[in-house]
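Student: Questions regarding the structure given below will be posed in turn.
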Amino acid sequence: MPARYGSDLIVDLLKVLGIEYVALNPGSSFRGIHDSLVNYSADRKPEIILCCHEEIAVSVAHGYAKAAGKPMAAIVHNVVGLQHASMAIYNAWCDRTPILVMGGTGPMDTSKRRPWIDWIHTALVQGNLVRDFVKWDDQPSGLGAIPNTIMRGYRVAMTEPKGPVYLCFDVDLQESLLEQEIPIPDPKRHGPPAPLQADTAAIKEAARLLAEAQHPVVLADYMGRNSASVLSLVELADLLSLPVIDRGARLNFPNTHPLNLTGKERELIGNADVILGLDVMDLYGALAKYEAKVRGSTIALKPDCKVINVTLADLAVRSLTSDFQELAPIDLPIVADTQVFLPALIEEIKKQGKFSRSVIEERRNSLSTQQQEIRARWQSELKRRWDERPISPPRLAHEVWEAIKNEPWLLVAGSFRSWPHRLWEWNKPGLFLGGYGGGGLGYGPGASVGASIPHRGTGTVCLNLQRDGELLYTTSALWTAANTTVPLLTVMTNNRTYYNDEEHQEKIAIARGRPPENKVVGMRMEKPPVDFANLARSFGLFGEGPITEPEKIRPALNRALKVVREDGAPALVDVVIQTV
């Protein structure tokens, strides 16, 4: 029987857990695992996704988990690789996304270390680098402990609220000979628990408040991570004619539905008598008015408005960063998984039967009219800005929609100032995978590759509306896209500036009585402009652009789509847009 090693055991465990892919940038601290993936497992389930930077590797795993509904692994090289990866890990933590981040270290036995390099690349303990923004970390000290580490890591990552875990393996442990068989646990007996349900009394009270409300409002944010929750919310909204505000962390509610009132949140929230929050990460921010000049905010609710908040966020609080957000006023706090809470709430509302059908019908008619007004306003702005040069954001969003609307499509990254949500048709769950979670630039290029992997061979066009400044953070993700052959269309929303910060500099200059026109200094990327099409071609993608005339957008998109559709290969179109 061929010899087996600790790293072979690690790969066997990944296999039984159904881990299909491992994103990595090579490193000597996990050479044992790398060998096992290639020579023991023949690079088949898990398959290696080669990346040129550890931040990209973790971002690939981040995007994949959101698209596939299950985690993949990302392996990062000892101290240096983990530090490179830390921003991407933080993004996944804030985005409640499961990733098995794995790494190597050591040798922990100092007598086996090489001079210099093994010393500066080993930490005690390495998990301390990311402990404040992973759900769990572990570093087993013996071969027999490896199954426990990996099985527990998977369960913790997949238990709501989901998130990344970090599993570190001593290089000496990876390369140790397995002198006796180590049993592999049955993954069916070590999986995540059933979804957490709310207290019965809380469900009854929430049902009563919503049924009796005259001006109820629903806020939904991360709820759309589960497609079933979106369908339940549609049923709930229809039952009581509830206006829904989609906060956009995922696609939470169809924008074609007459009760989607996104775009009128300030008026609705200010007039509400009951508000239901569903997986809203920043509830205070959703309920508050922000004054930019003074960096302050105040709650914008009527004094008698009742707030119901259904979330799992209270189970994922750390002290290092304040991703728990400002403390919001809540009358009925509920810790529950929305995918089981919503069906129970609907059933209870029907059981109580306290709602007035005439009131509900009248409310629906009013809200439907308001929704039509919102959509008409956006169409009017598109028409007004149709011929603007440089190209306006609504024109680009419209042209992309016209190009893809008859394809099976998925927006894997890039919200593009909400214009796709205003102008496209979002009529089913799962069409938008959300953003970066932690606000760390560099997410989009890698995450869009990862999110496209499950769609290879399906005919789905995966779309990334990519900001130019962010692509320059993690450009080599384009090479991984080409090497992995993913059906990814990247459309550059290229304004040749870090515009978000231009606005900040303008505001502070005006407040200080200084020249606001200097806001462009240290912001613009015009001298020279980046040639993103050539950059894409240099990495092996189809590349076209820069497109500066509105009428040339659609033909360029069609040529790129032909590559994605027919070859299943990535393509990039660089479109230069306004800086506003």
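Student: Give, in nm to one decimal, the length gained when the segment between L239 and K383 is fully stretched (0.36 nm per residue of separation minus the Cα-Cα distance). Each step should come with its number before you reach the end.
Tutor: Numbers: separation 144, 0.36 × 144 = 51.84 nm, distance 3.54 nm.
Extra length available between L239 and K383 comes to 48.3 nm.
Student: If you take every residue apart from P550 with its C-beta less than 14 Å away from the C-beta of P550, what net charge results, scoring Lys and Arg +1 and Asp and Glu -1? Display every interim value, and only then the final one.
Tutor: Working: positive: K383, R384, R385, R389, R395, K552, R554; negative: D387, E388, E399, E402, E549, E551.
Local net charge: +1.
Student: A further question on this structure: Tell me, what is the FRET efficiency for E549 and E425 to the nearest 0.05, using R0 = 25 angstrom and their Cβ-Cβ distance as r? Write out the running numbers ahead of the final one.
Tutor: On the way: r = 26 Å, r/R0 = 1.06.
Working from the Cβ atoms, E equals 0.40.
Student: Normalised by the number of residues in the range 37-163, what is the relative contact order in percent for Cα pairs under 8 Å and 6+ residues apart?
Tutor: Working: 156 pairs, mean separation 29.1, N = 127.
Here the relative contact order equals 23 percent.
Student: What's the ranking of 134-145, 166-177, 84-95, 56-67 by average number of surrounding C-beta atoms within 10 Å, highest first?
Tutor: Going from most to least packed, we get 56-67, 84-95, 166-177, 134-145.
Student: Treating only the Cβ atoms of Lys and Arg (+1) and Asp and Glu (-1) as charged, compute the dipole magnitude of the range 6-189 about its Cα centre; round to the nearest 20 debye.
Tutor: Details: 17 positive and 21 negative charges, 108 e Å.
Charge dipole of the range 6-189: 520 debye, to the nearest 20.
Student: Same structure, new question: Can you tally the net charge around H84? Count Lys and Arg as +1, Asp and Glu as -1, for every other residue whose Cβ sits under 13 Å from the Cβ of H84. Intermediate values should be presented prior to the final figure.
Tutor: Numbers: positive: none; negative: E54, E55.
It works out to a net charge of -2.
Student: Any idea how far apart Q180 and S297 come out in nm if each label point goes 7 Å out from Cα toward Cβ?
Tutor: With each label point 7 Å from Cα toward Cβ, the separation is 5.8 nm.
Student: In debye to the nearest 20, how big a dipole does the range 151-266 give about its Cα centre with +1 on each Lys and Arg Cβ and -1 on each Asp and Glu Cβ?
Tutor: Value, rounded to 20: 540 debye.
Student: Quick check on packing: order 456-465, 393-402, 197-206 by the mean number of other C-beta atoms within 10 Å, highest mean leading.
Tutor: Result, highest mean first: 393-402, 456-465, 197-206.
Student: Could you tell me the calculated FRET efficiency between E526 and D199, based on Cβ-Cβ distance and R0 = 60 angstrom, to the nearest 0.05?
Tutor: Numbers: r = 58 Å, r/R0 = 0.96.
Computed FRET efficiency for E526 and D199: 0.55.
Student: I would also like to ask the following. Compute the distribution of all C-alpha to C-alpha distances in the range 1-152, in bins of 5 Å from 0, and list the percent of pairs in each, rounded to whole numbers.
Tutor: 2, 9, 19, 23, 23, 15, 6, 2, 0, 0
Student: In whole Hz, what ³J(HN,Hα) sequence does the range 444-461 give by Karplus (6.51, -1.76, 1.60; θ = phi - 60°), x for Gly and Pro?
Tutor: So the J values, rounded to whole Hz, are x, x, x, 5, 5, 5, x, 5, 7, 4, x, 9, 4, x, 9, x, 6, 8.
Student: Which whole-number percent is the relative contact order of the chain (Cα, under 8 Å, 6+ apart)? Each step should come with its number before you reach the end.
Tutor: Working: 1210 pairs, mean separation 79.8, N = 580.
Here the relative contact order equals 14 percent.
Student: With the Cα gyration tensor of the chain giving a ≥ b ≥ c as the square roots of its eigenvalues, does the rule (a/c under 1.5 for rounded; else a/b larger than b/c for prolate; else oblate) give rounded, prolate or oblate?
Tutor: Numbers: a/c = 1.79, a/b = 1.28, b/c = 1.40.
Oblate, since a/c reaches 1.5 and b/c is not below a/b.
Student: Please give the net charge around F532, taking every other residue with its beta carbon less than 9 angstrom from that of F532, where Lys and Arg add +1 and Asp and Glu add -1.
Tutor: Details: positive: none; negative: D468, D531, D574.
Summing Lys/Arg as +1 and Asp/Glu as -1 gives -3.
Student: Next question, about the same structure. Please work out the ratio of the alpha-carbon Rg of the range 128-256 to 2.2 N^0.38 Å and round it to two decimals.
Tutor: 1.57
Student: On to the next question. With +1 assigned to the C-beta of every Lys and Arg and -1 to the C-beta of every Asp and Glu, and no other charges, what is the dipole magnitude of the chain about the Cα centre in debye, to the nearest 20? Display every interim value, and only then the final one.
Tutor: On the way: 63 positive and 67 negative charges, 203 e Å.
In total the dipole reaches around 980 debye.
Student: Highest mean first, what order results for 474-482, 410-418 on Cβ atoms within 10 Å? Provide the component values of the computation, followed by the final result.
Tutor: Working: 474-482: 24.0, 410-418: 21.4.
So the peptides 474-482, 410-418, ranked by packing, come out 474-482, 410-418.
Student: Right, next: For Cα pairs less than 8 Å apart in space and 6+ apart in sequence, what is the mean separation divided by the residue count of the range 385-576, i.e. the relative contact order in percent? Intermediate results must be reported in sequence, preceding the final value.
Tutor: Values: 344 pairs, mean separation 44.8, N = 192.
It comes to 23 percent, rounded to a whole number.
Student: As a check on your grasp of the helix formula, calculate [θ] at 222 nm for the chain: sum -39500 (n - 2.57) over DSSP H runs of n ≥ 4, divide by the residue count, round to the nearest 500. Show your work: numbers first, answer last.
Tutor: Details: 21 runs with 225 residues, N = 580.
Value at 222 nm, helices only, nearest 500: -11500 deg cm²/dmol.
Every read-out reported here was derived from the displayed coordinates using simple, explicitly stated rules and does not represent laboratory data. From a predicted model like this one, the values you see are computed outputs, not experimental measurements. Note: ideal-geometry Cβ built from the backbone for every residue, glycine included; neighbour counts use all protein chains shown.
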